[in-house]
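One structure is given here, and the rest of the page talks about it.
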Amino acid sequence: MEDLPLLPEETSYLANILTILGGGLLVIVSVVGNGLVIFVFAIDSNFRTLSNFYLASLACTDFLIGLLVIPFGLIYQYNQTWIYGVNYCQVWLTLSYGLSCVSSSHLVFVAIDRYRIMFHGTNYLQQRKLSNMLESVGFVWVIGFWTASPIIADWSHVAVDPEVINHCMPKKTPSWVLLINMMVFVIPAFLMMRLYTVVYLQLRKRLRKKATQSPVTSNPLAPSTSNSNARNEGVETKLILPKLTVGATKNTSRNIRNIGEEVRKRKMQICLQKEKKAALTLGLLIGLFLICWSPYLILTTIQAFSPDTKIPKIFNTTSALFGWINSCGNCFVYVYVNKDFRKSLSKMFKCLWK
């Protein structure tokens, strides 16, 4: 017997339930996951390095998204009505768009930091100061909320009135949508792909150069100068050498070449493993961002430039959920893979359990 198709009311109810369950999980993961990153950064000096300042600030951004943006968005999606008034609608839209742009900007600055470490090395690390990092982080936050400032500065022209239509959303004018999409998605995606591609190619070049270097730097059959020096200083030495025939010398040389070849092969295998790991990590960083923000980019562009096009509610809900997933996934992709963070977190839990 075939299953009966769901009625529209049942479909809408099921979609709302799935939205609440999935969104609730995102809230928990975002708040707890990013909260642990902030806590470890605050109490552990080993993890509180200059390189991790961007990651700590990113965790603060995603923590606020999980605490202040996602819960009200879930309630709004479930009720299909904005119940919190005009003032908090302004605040919520500002936080939603502003924090999203701040989060994306952090990812770009993390990519720039890794790029400079790769190409400038110790010079860059020595030039970095706490004041420079704080200035960069502050700049990221200012730029992020600058994109959302029109919501407050010109509310009547940028956003619809929730008291009239019971909804809290921007008007999606083409110029403003273009600004938001460029700042939140297009520019960060382009810079991340460009920077991480260059970093990966440079890393692969260095690994292969290191792997192809000959492990045999000296001839073990060459006479040692230390014996002659010791003899000149009047120290009596007695060097016992095996009697080598022509065949034995050839065999020994062949064995040395075979050992060197085996070492080179082993180095190349390690090099390929590191390349695969680096490619997987960088691909995950870029892929997570592209997958999470692509639905939002497509839908907002359609709504802005073709307002008569009717988009099903489930697509709007899905695009919102995917954007929020990025805030939950950042802490795992960027921080939880860090060995120092895992050690600090393990140490913290062991202290709590004692």
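Below are the figures for this structure:
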quantity: Top-ranked residue of segment 14-34 - restricted to ones that are touching a Leu at 6+ places or on another chain (Cβ under 9 Å) and surrounded by fewer than 18 Cβ atoms within 10 Å (Cβ to Cβ), ranked as modelled with the lowest pLDDT; calculated: 14
quantity: Pairs, first free of Cβ contacts under 8 Å to residues at least 60 places away in the same chain in segment 37-61, second in a loop (DSSP other than H, G, I, E, B), C-beta under 7 Å, six or more apart; calculated: 41/47; 41/48; 41/52
quantity: Residues of segment 342-354 satisfying the condition of being surrounded by 15 or more Cβ atoms within 10 Å (Cβ to Cβ) and small (Gly, Ala, Ser); calculated: 344
quantity: Selected residue (only one of 137, 142 is in contact with a Phe, Trp or Tyr (Cβ under 7 Å, 6 or more places away or on another chain), within 23 Å of residue 187 (Cβ to Cβ) and β-branched (Val, Ile, Thr)); calculated: 137
quantity: Single residue of 105, 57 found to be of a type outside the set (D, E, K, R), modelled with pLDDT of 90 or more, touching a Gly at 6+ places or on another chain (Cβ under 6 Å) and closer than 26 Å to residue 183 by Cα; calculated: 105
quantity: Any hit, segment 73-96, residues being in contact with a Gly (Cβ under 6 Å, 6 or more places away or on another chain) and either surrounded by fewer than 20 Cβ atoms within 10 Å (Cβ to Cβ) or of a type outside the set (A, V, I, L, M) (or both); calculated: no
quantity: Cβ pairs under 8 Å, 6+ apart, first in segment 303-332 and touching a residue at least 60 places away in the same chain (Cβ under 8 Å), second in a loop (DSSP other than H, G, I, E, B) and surrounded by 18 or more Cβ atoms within 10 Å (Cβ to Cβ); calculated: 303/172; 304/172; 307/172
quantity: Residue within segment 62-72 that is more than 24 Å from residue 319 (Cα to Cα) and in contact with a helix residue (DSSP H, G or I) (Cβ under 6 Å, 6 or more places away or on another chain) present; calculated: no
quantity: Selection count, segment 320-341, where residues are touching a Phe, Trp or Tyr at 6+ places or on another chain (Cβ under 8 Å) and crowded, with 20+ Cβ neighbours inside 10 Å; calculated: 5
quantity: Pick from segment 151-161, criterion touching a strand residue (DSSP E or B) at 6+ places or on another chain (Cβ under 9 Å) and part of a helix (DSSP H, G or I), ranking: surrounded by the fewest Cβ atoms within 10 Å (Cβ to Cβ); calculated: 158
quantity: Selection from segment 165-183 of residues that are touching a residue at least 40 places away in the same chain (Cβ under 8 Å) and either in contact with a strand residue (DSSP E or B) (Cβ under 6 Å, 6 or more places away or on another chain) or farther than 14 Å from residue 151 by Cβ (or both); calculated: 166, 167, 170, 174, 178, 181
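The values are calculated or read from the model by the stated rules, or taken from the named source; none is laboratory data. Since this is a predicted model, take the numbers as computed values, not measurements. Because the Cβ atoms are built from the backbone with ideal geometry, glycine has one as well, and the counts that use them run over all protein chains shown.
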